[in-house]
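Each remark here refers to the structure printed beneath this line.
The values are calculated or read from the model by the stated rules, or taken from the named source; none is laboratory data. Note that the coordinates shown come from a computational prediction; the quantities given were computed from them, not determined experimentally. Methodologically, a virtual Cβ is constructed for each residue, glycine included, from the backbone with ideal geometry; neighbour enumeration extends over all protein chains shown.
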Ligand code: C2E
Ligand code: CA
């Protein structure tokens, strides 16, 4: 017997329905206009606990759970507007998450809505666990920096967001001092206060060494007021409970605000760079045009510095400033001072680029280049044949090891400059503390005849111990010592004491920063060997130094 197309079609339809009953998802077809349920599979019947005959022909409003009706209706509207055609719905009684999707289609020549409901609980739970691990701080139960960045990326194009961040400046020290548990307690107390005292629409995050508050559509006045309020709270100690006792902990803090357009795109970098932001308003910093310009310039300078040093010291030069012997007023030495013109033509101050070079680990390369160039220049001018020495600077971040020693010896050999006319100016600084290995290497330098000078003597933190540990031949005072000395008995007394100390120890003293005749006259009355400063000459390029060789003693 021949099977007709209609029969085949109806057979197929029955099979399709049976297949739909097998699948592990709810499928319903609803009349688009009346909302009548035209079809549902077995899964829907089981979920609702109703027979198919009971469900079919009824309006969805009679069948769906009351909480589900608005979810479905909103989805219909969104689907019609082309926004969304699916959503995740939580069914609390069953503790399941369902993915609900709608699609417009034809069913038995009627315009209808095809609704599918899939249980996605496992996926949601796994995702939740993952998000919890990745995006939440386990101690403070707050979203972390990763989440902050994600939220900002989502919000920043839609709203004006602002970020108020609080950096706990001595967190590591506080943890070391009070122990982990108390450190955590402190953070929890701060978190609680921040949450309790927040009145705006804002979200709190925990970031590296601090907190961040993301405000949405808030004005700058409000944020500044909140920053002030937070800083004021940090003026008082935090009370934490430790072993049954209450202890008061002061927690130094730094605050800053990043508002609106600056937040977009570069969030993570900006947060990192907030340490460069200088507090301008009552104790807190605001990321504004000026800060942005400053930070961009710093970034450009860093990149240029690396590039210039690594491509044959482009834009670098050495200037020389004479050091005058006070008993005959002859030029007796020069200090080699590094100069750098950045690729945009700006002459960058050494204070700025030397500091950057130290941070970038480029200082040894720069110093070595300056030394070699200076030795070569002095040999060219025949200064090494005179009663003369060459001072070169030596950053306190240097490691004074064998490698450094060999590098320096090679410089001397290659240029033919005599070791005993080289003076290494070691800058005093809080960071400077020499280890056994450093001291041994310095001793070798000394044995080779190289002179050592403690630069900026008296302004660092370790002057006296360095005086004992390093057998320096020269002390050099910083400009601060001579500034305002004329008419100031106390300053004069200080310089006299230093001069006597140097003489007593058999060391020479160089007074730096002499700018006026009055200053010169004063120090001539003290027991001082050398002076350096603008009064005699500013640092000059090689050509100008070459024109002044007659100023040196024979
Ligand atoms: P510094 O070693 O204390 O060098 C002396 C600084 O004081 C120089 O500044 C010099 O130009 C300035 N100076 C000298 N006399 C006067 C004066 O009468 N009045 C005033 N106002 N300033 C005077 P400069 O060249 O800007 O160098 C600044 C600092 O950069 C140096 O301080 C030194 O610490 C560092 N530096 C410069 N070149 C090098 C280098 O090749 N290597 C290292 N490691 N540091 C360097
Ligand atoms: Ca110096």
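Overview of results
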{"item": "Every pair of residues 6+ apart whose Cβ atoms lie under 8 Å, when the first sits in region 473-488 and is over 11 Å from residue 513 (Cα atoms) while the second is at pLDDT 90 or above and in a loop (DSSP other than H, G, I, E, B)", "result": "473/507; 474/507; 475/507; 486/516"}
{"item": "All positions within region 213-241 that are closer than 18 Å to residue 191 by Cβ and surrounded by 14 or more Cβ atoms within 10 Å (Cβ to Cβ)", "result": "213, 214, 215, 226, 227, 230, 231, 233, 234, 238, 240"}
{"item": "Test: residue in region 322-340 that is within 28 Å of the chain's Cα centre (by Cα), more than 16 Å from ligand 2 (Cβ to nearest atom) and without any contact (Cβ under 8 Å) to a residue 60 or more places away in the chain", "result": "yes"}
{"item": "Restricting region 534-554 to residues that are in a loop (DSSP other than H, G, I, E, B) and without any contact (Cβ under 8 Å) to a residue 40 or more places away in the chain, the residue that is nearest to ligand 1 (Cβ to nearest atom)", "result": "534"}
{"item": "Of the criteria (1) touching a residue at least 40 places away in the same chain (Cβ under 8 Å); (2) within 14 Å of ligand 1 (Cβ to nearest atom); (3) surrounded by fewer than 17 Cβ atoms within 10 Å (Cβ to Cβ), which one residue 459 fails", "result": "(1)"}
{"item": "Single residue of 345, 361 found to be under 23 Å from residue 405 (Cβ atoms) and loosely packed, with under 14 Cβ neighbours inside 10 Å", "result": "361"}
{"item": "Residue within region 61-82 that is touching a helix residue (DSSP H, G or I) at 6+ places or on another chain (Cβ under 7 Å) and without any contact (Cβ under 8 Å) to a residue 12 or more places away in the chain present", "result": "yes"}
{"item": "Tabulated pairs, region 341-359, first under 13 Å from residue 306 (Cβ atoms), second within 15 Å of ligand 2 (Cβ to nearest atom) and in a helix (DSSP H, G or I), C-beta under 8 angstrom, 6+ apart or interchain", "result": "357/363; 357/366"}
{"item": "Of residues in region 336-359 being farther than 19 Å from residue 398 by Cα and in contact with a strand residue (DSSP E or B) (Cβ under 7 Å, 6 or more places away or on another chain), the one farthest from ligand 1 (Cβ to nearest atom)", "result": "342"}
{"item": "Residue that is nearest to residue 474 (Cα to Cα) [pool: residues in region 516-528 that are outside any helix (DSSP H, G or I) and touching a helix residue (DSSP H, G or I) at 6+ places or on another chain (Cβ under 8 Å)]", "result": "528"}
{"item": "Scope region 355-367; condition more than 15 Å from residue 319 (Cα to Cα) and within 16 Å of ligand 2 (Cβ to nearest atom); matching residues", "result": "355, 357, 358, 363"}
{"item": "Options 480, 476, 444; residue that is within 16 Å of ligand 2 (Cβ to nearest atom), within 42 Å of the chain's Cα centre (by Cα) and modelled with pLDDT under 90", "result": "480"}
{"item": "Matching residues in region 364-385 - criterion: being surrounded by fewer than 18 Cβ atoms within 10 Å (Cβ to Cβ) and either at pLDDT below 95 or on the phi > 0 side of the Ramachandran plot (or both)", "result": "365, 368, 382, 385"}
{"item": "Criterion: more than 16 Å from ligand 2 (Cβ to nearest atom), out of contact with any helix residue (DSSP H, G or I) (no Cβ under 7 Å at 6 or more places or on another chain), closer than 21 Å to residue 388 by Cβ and in a loop (DSSP other than H, G, I, E, B) - qualifying residue of 506, 487", "result": "506"}
{"item": "Selected residue (criterion: nearest to residue 424 (Cα to Cα)) from residues of region 381-396 that are without any contact (Cβ under 8 Å) to a residue 40 or more places away in the chain and away from ligand 1 (no atom under 15 Å from the Cβ)", "result": "384"}
{"item": "Where residue 351 falls short, out of the listed (1) more than 24 Å from the chain's Cα centre (by Cα); (2) surrounded by fewer than 13 Cβ atoms within 10 Å (Cβ to Cβ); (3) outside any loop (DSSP other than H, G, I, E, B)", "result": "(1)"}
{"item": "Scan of region 397-420 for residues that are modelled with pLDDT under 95, farther than 17 Å from residue 446 by Cβ and touching a helix residue (DSSP H, G or I) at 6+ places or on another chain (Cβ under 6 Å), ordered by number", "result": "397"}
{"item": "Residue 318 vs. criteria within 16 Å of ligand 2 (Cβ to nearest atom), in contact (Cβ under 8 Å) with a residue 24 or more places away in the chain and either assigned to a loop (DSSP other than H, G, I, E, B) or in contact with a strand residue (DSSP E or B) (Cβ under 8 Å, 6 or more places away or on another chain) (or both)", "result": "yes"}
{"item": "Within region 371-396, tally of residues that are within 40 Å of the chain's Cα centre (by Cα) and closer than 18 Å to residue 445 by Cα", "result": "10"}
